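Visitor: Structure provided below as structure tokens; questions to follow.
The values are calculated or read from the model by the stated rules, or taken from the named source; none is laboratory data. Computed from a predicted model, the values in this text were never measured in an experiment. Here the Cβ positions follow ideal geometry from the backbone for every residue, glycine too, while neighbour counts run over all protein chains shown.
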Amino acid sequence: MKKKKIRPHPHIKNVFISGSLERPKLYTKNAIKGKTIYGEKLCTDNGIEYREWNPYRSKLASIILKNPSIKFLSKRSKCLYLGAASGTTISHLSDILTNGIIYALEFAERSIRQLIQNTSERMNVIPILGDARFPVKYAKSIFTDIDIIYQDVAQPNQAEIAVRNCDYYLKEEGILILAIKSQSIDSVSKSEKIYKKEKRVLQEAGLLILESIDIQKYASDHIVFIAKK
Ligand SMILES: C[S@@+](CC[C@H](N)C(=O)[O-])C[C@H]1O[C@@H](n2cnc3c(N)ncnc32)[C@H](O)[C@@H]1O
């Protein structure tokens, strides 16, 4: 295991960095000592174990590296995560939201099986087998207010799915983080045109777009919208 000089992120509680502020590496404190989820590197500093957070594997890490001006994560946040997959990003979110909850929705049975294996020791993650297109169907599994909806589903109507979930679950003034993959919507049209259209869907539903973040460097054909209800 590597020894590193690791320090707190200047703006986000429970996120850590090493290296220069211009080109930092990201880390979270490993809630389950010795366990890795996706082959990420483990490092120690002052007897504390950290997992390196790879922005090429996790869009949330790439968003943080882009320094958004809105600070949307707090250790108490309650998050509905749509498109959980096997829990790469969720494992880091679980390290961050030490006093919060992550409702982790995924519709592929194989992925949810891996998600359950990967997060069984993490008490703040609740895996839910369900389809994000039909929010009412998983209402019984969600038993608190929702501060943040994080959506990363490769579907043709990504903004519409986000709006449905925001209408149903997101508290007033809650934050939506929506990763849009243009290729899943239309493989022929120009990405910019697609992003504009998806943005309009959010705005027409009354969501206020706070920031658009270009994460192309880490995930091709992707943009992220941060919006407020
Ligand atoms: C790009 S992957 C998500 C990766 C994940 N966010 C991470 O960083 O670890 C997209 C996931 O969304 C899931 N998905 C797609 N459509 C969905 C839907 N309608 N409801 C629930 N999950 C869906 C897919 O099965 C896939 O696992």
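Visitor: Say whether the condition of being at negative phi, within 16 Å of the ligand (Cβ to nearest atom) and surrounded by fewer than 17 Cβ atoms within 10 Å (Cβ to Cβ) is met by at least one residue in region 6-25.
Guide: Of all residues in region 6-25, those at negative phi come to 6-13, 15-18, 20-25.
Filter again for within 16 Å of the ligand (Cβ to nearest atom), leaving 15.
Then keep just the ones that are surrounded by fewer than 17 Cβ atoms within 10 Å (Cβ to Cβ); that gives none.
For region 6-25, residues at negative phi, within 16 Å of the ligand (Cβ to nearest atom) and surrounded by fewer than 17 Cβ atoms within 10 Å (Cβ to Cβ): absent.
Visitor: Moving on. Taking the criterion of being more than 18 Å from the chain's Cα centre (by Cα) and in contact (Cβ under 8 Å) with a residue 60 or more places away in the chain, would at least one residue in region 144-159 satisfy it?
Guide: Pass one, region 144-159, residues more than 18 Å from the chain's Cα centre (by Cα): 144, 156-157.
Next cut, in contact (Cβ under 8 Å) with a residue 60 or more places away in the chain only: 144.
Yes - at least one qualifying residue is present in region 144-159.
Visitor: Starting from region 104-119, keep only residues that are hydroxyl-bearing (Ser, Thr, Tyr), then list their pairs with residues that are outside any helix (DSSP H, G or I) and more than 9 Å from the ligand (Cβ to nearest atom) whose Cβ atoms are within a distance under 6 Å, requiring at least 6 positions of separation or different chains.
Guide: Filtered contacts from region 104-119: Thr119/Val125.
Visitor: Quick check on region 174-184. Is at least one of its residues on the phi < 0 side of the Ramachandran plot, at pLDDT 95 or above and in a helix (DSSP H, G or I)?
Guide: Scanning region 174-184 turns up no residue that is on the phi < 0 side of the Ramachandran plot, at pLDDT 95 or above and in a helix (DSSP H, G or I).
Visitor: Right, here's the next one. For region 20-119, give me every one of the strands (runs of 3 or more DSSP E) that falls completely inside it and has 2 or more residues that are among the aromatic types (Phe, Trp, Tyr).
Guide: Working: elements: 25-29, 42-45, 48-53, 78-82, 101-106.
Answer list for region 20-119: 48-53.
Visitor: Now for a separate question. Scan (1) under 17 Å from the mean Cα position of the chain (by Cα); (2) within 16 Å of the ligand (Cβ to nearest atom) for the single condition Gln117 breaks and write down its number.
Guide: (1)
Visitor: What's the total number of residues in region 19-33 that are modelled with pLDDT of 95 or more and small (Gly, Ala, Ser)?
Guide: Summing the residues that are modelled with pLDDT of 95 or more and small (Gly, Ala, Ser) in region 19-33 gives 1.
Visitor: Still on this structure, please answer the following. Considering (1) at pLDDT 95 or above; (2) buried (at least 18 other Cβ atoms within 10 Å of the Cβ); (3) hydrophobic (A, V, I, L, M, F, W, C), say which one Ala159 fails and leave the rest.
Guide: The failed condition is (1).
Visitor: Just checking, which of Ile112, Ile63, Ile70 is closer than 28 Å to Lys25 by Cβ, crowded, with 21+ Cβ neighbours inside 10 Å and of a type in the set (A, V, I, L, M)?
Guide: Ile63
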